[in-house]
Amino acid sequence: MTGPTDARAGLRQALIHEWIKFRSVRSLVRPTLATAVVPVLGAVFVARTGSLRPDDTVLGAALTLSVTAQMLAAVVGALVITGEYGSGTIRTTFVATPRRGTVLAAKAVLLAGLTCTVALISCTLAYLVEDMMLDDDTYAQGDPFPALLGVALSFAVAALLGLAVGTLVRHSAGAVTAVVGVLLLPSLLGPLFGDAQRWVAGLSPTAALQKLTQTSDATAETVGSLGPWPSLLLVGAYTTALLLLAALKLRKRDA
Amino acid sequence: MIEVRELTKRYGDRTAVDRLTFSVPPGRVTGFLGPNGAGKSTTLRLVLGLDTPTSGTATVAGRRYAELPAPLRTVGSLLDAKGVHGGRTAQQHLAGLAASNRLPQHRVEDVLGLTGLTDVAGRRVKGFSLGMSQRLGIAAALLGDPAVLILDEPVNGLDTEGIRWIRTLLKSLAAQGRTVFLSSHLMGEMELTADHLIVIGRGRVLADTSVRDFVETNSHTHTLVRSPEPEKLRALLEAEGATVRLDARGGFRVHGVDASSIGDLVSHHHLTVHELSPAHSSLEEVYTALAHEAAEYRTRREVRR
């Protein structure tokens with residue numbers, strides 16, 4: 001028996017635990033790899049087929065499929081916790097780290113760091129590929145910096161939103177449906193709200209992403225009239241609120 | 001040392017654990033016995049901080065589980081064999097747990113060796129047999145070299161050799177001065193493994209006693225008598241104040257008069273007897289009766305509602 005030690009199972013330890021768990025489960029690693037690959041494939045496809053509108057920017061065209069990739073990031077965020085409920089490992093996790101706020105914080109830090117890095121690399125690569133493949137003067141360039149940083153952050157926000165929803169819902173299928181709904185529904189339901197459409201449509205993390213990519217699809221009608229950065233801030237704010245609510249629920253609930 | 005005081009857990013209007021009070025001291029194997037649904041697993045989940053009690057407290061080494069700074073170093077637990085993701089290898093599962101409590105990574109190799117899993121450490125857990133999963137659960141429980149072990153139905157799914165292995169292991173861990181607390185619904189297993197018993201039924205403590213005392217207090221003696229003249233014998237015994245019941249194997253089961261008195265009686269009245277054997281009801285029977293009473297009570301209450 002080891003005697004009493006001052007070793008403490010804190011956030012750092014929980015984070016390493018989460019990382020080991022994450023990389024040893026295929027159902028998390030594969031969609032994360034897909035998140036990395038999809039934007040680049042999208043950029044190649046758009047450039048090869050020349051499917052751009054005259055008013056499109058190179059940046060916007062390069063990130064055509066970033067919306068799909070962002071959705072994958074959100075799904076990974078949800079699965080990081082619902083997978084644990086599904087397989088029963090959540091109890092093992094809480095027995096090892098009984099402070100559940102620490103567990104959720106570790107998952108959040110891991111997801112935010114990972115998706116942000118993956119998205120930054122992949123979206124930058126997509127932009128460079130697009131820039132290389134398209135004729136120089138046909139299309140406006142767009143401002144890649146600091147927009148690409150914002151794009152990466154919007155991926156992290158989507159993953160955290162997935163984590164919050166997953167924590168509240170606990171079932172993989174339900175959580176994935178709910179989080180994809182949050183991403184898609186604002187733009188689908190927007191037109192039903194008449195004059196309020198721009199407000200409703202602007203609520204999705206997808207809207208913030210599209211504005212940041214400077215695509216011609218991002219009209220005020222479809223993604224709201226807020227600027228790209230305030231839009232990102234808005235989505236980040238309600239995601240934070242939802243995460244705090246999830247943490248509160250997690251601490252009270254029986255595992 | 002595990003201490004449970006007035007512990008109560010209600011789910012809606014169902015009381016799973018009802019003012020449970022007991023303590024589990026170090027240095028011996030304490031069995032937690034009760035039929036399925038008696039509240040054993042709920043109690044263990046409350047002790048491990050997974051569920052929040054409605055009232056009362058449960059502490060391990062003097063603290064609530066959630067307040068232990070690095071819980072795996074104090075308490076090792078096995079809840080069910082399913083606490084592992086099937087896609088992970090045994091090695092990855094244990095390495096993650098070790099990292100979470102700042103345990104040195106050589107502990108992973110240590111417990112893999114101890115539980116005989118070294119050869120399969122790199123295999124995905126979903127290919128494991130029930131017995132191997134159970135061994136992995138034990139390995140995880142031992143990872144932090146804890147002073148307290150809490151195991152829920154550890155022999156489930158183990159073969160005879162595995163059961164013998166775990167029995168020896170638990171006894172040696174208790175002999176090293178650790179607190180060993182294991183639940184089971186199998187009396188026979190407890191009789192062989194545990195030194196002390198806490199028996200619960202419908203969420204309450206029915207007995208908290210040493211295994212030997214439990215046997216002596218609760219096991220009734222009776223005598224089995226077989227005779228070619230059963231009716232005469234029966235009348236005679238009942239006249240002496242004995243309770244006579246038919247035994248399933250033929251003959252009578254006699255309570256209230258011991259074997260030597262029956263022998264004297266029979267020879268005095270010149271009756272023929274083919275068998276006369278004193279017997280103890282097994283602990284299994286006692287426990288079954290106890291569990292049955294608890295179940296009866298529950299059914300009656302539910303009918304009344």
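The values are calculated or read from the model by the stated rules, or taken from the named source; none is laboratory data. Note that the structure is predicted; figures quoted are calculated from it, not measured. Virtual Cβ from ideal backbone geometry, glycine too; neighbours counted across all protein chains shown. Ligands, DNA and RNA are stripped out before the accessible areas are found, and what is left, the full protein with its side chains, is counted by its heavy atoms. Shrake-Rupley method; radii C 1.70, N 1.55, O 1.52, S 1.80 Å.
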Hey, could you check region B:36-55 for residues that are open to solvent by 10 Å² or more (accessible area, probe 1.4 Å) and either facing chain A (nearest Cβ under 7 Å) or outside any helix (DSSP H, G or I) (or both) and say which is nearest to A:G88 (Cα to Cα)?
B:G49
Residues that are touching a residue at least 24 places away in the same chain (Cβ under 8 Å), aromatic (F, W, Y), touching a strand residue (DSSP E or B) at 6+ places or on another chain (Cβ under 7 Å) and not assigned by the TED database to the domain that holds B:G76: does region B:168-181 have at least one?
no
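Is it the case that region A:147-160 has a residue that's free of Cβ contacts under 8 Å to residues at least 12 places away in the same chain and either of a type in the set (S, T, Y) or within 12 Å of A:L59 (Cα to Cα) (or both)? Walk me through how you get there before you give the answer.
Of all residues in region A:147-160, those free of Cβ contacts under 8 Å to residues at least 12 places away in the same chain come to none.
Taking every residue of region A:147-160 in turn, none turns out to be free of Cβ contacts under 8 Å to residues at least 12 places away in the same chain and either of a type in the set (S, T, Y) or within 12 Å of A:L59 (Cα to Cα) (or both).
Do the conditions hold for A:G83, that is, is it at the interface with another protein chain (Cβ under 9 Å from one of its Cβ atoms), without any contact (Cβ under 8 Å) to a residue 40 or more places away in the chain and of a type outside the set (V, I, T)?
Answer is no for this residue.
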Looking only at region A:227-255, how many residues end up being surrounded by 15 or more Cβ atoms within 10 Å (Cβ to Cβ), of a type in the set (G, A, S) and part of a helix (DSSP H, G or I)?
4
Looking for something surrounded by fewer than 18 Cβ atoms within 10 Å (Cβ to Cβ), among the acidic types (D, E), on the phi > 0 side of the Ramachandran plot and over 20 Å from the mean Cα position of the chain (by Cα) - is there at least one such residue anywhere in region B:110-128?
no
State whether the residues of region A:105-119 include one that is of a type outside the set (G, A, S), modelled with pLDDT of 95 or more, open to solvent by 50 Å² or more (accessible area, probe 1.4 Å) and under 29 Å from A:G166 (Cα atoms).
yes
How many residues of region B:67-107 are assigned to a loop (DSSP other than H, G, I, E, B), of a type in the set (G, A, S) and more than 8 Å from chain A (Cβ to nearest Cβ)? The answer is 1
Unique residue being within 14 Å of chain A (Cβ to nearest Cβ), within 29 Å of B:L149 (Cα to Cα) and not aliphatic (A, V, I, L, M) when the list is B:S184, B:S172:
B:S172
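Report those helices (runs of 4 or more DSSP H) wholly inside region B:195-305 carrying at least 3 residues which are touching a helix residue (DSSP H, G or I) at 6+ places or on another chain (Cβ under 6 Å) and modelled with pLDDT under 85.
Details: elements: B:211-218, B:230-239, B:259-268, B:283-304.
Passing ranges, in order: B:283-304.
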Check on B:E67, within 19 Å of A:R8 (Cβ to Cβ) and among the acidic types (D, E)
yes
Out of (1) out of contact with any helix residue (DSSP H, G or I) (no Cβ under 6 Å at 6 or more places or on another chain); (2) more than 11 Å from chain A (Cβ to nearest Cβ); (3) open to solvent by less than 30 Å² (accessible area, probe 1.4 Å), what's the single condition that is false for B:A58?
(1)
Taking region B:1-24, which residues are among the basic types (K, R) and under 12 Å from B:S55 (Cα atoms)?
B:R5, B:K9, B:R10, B:R19
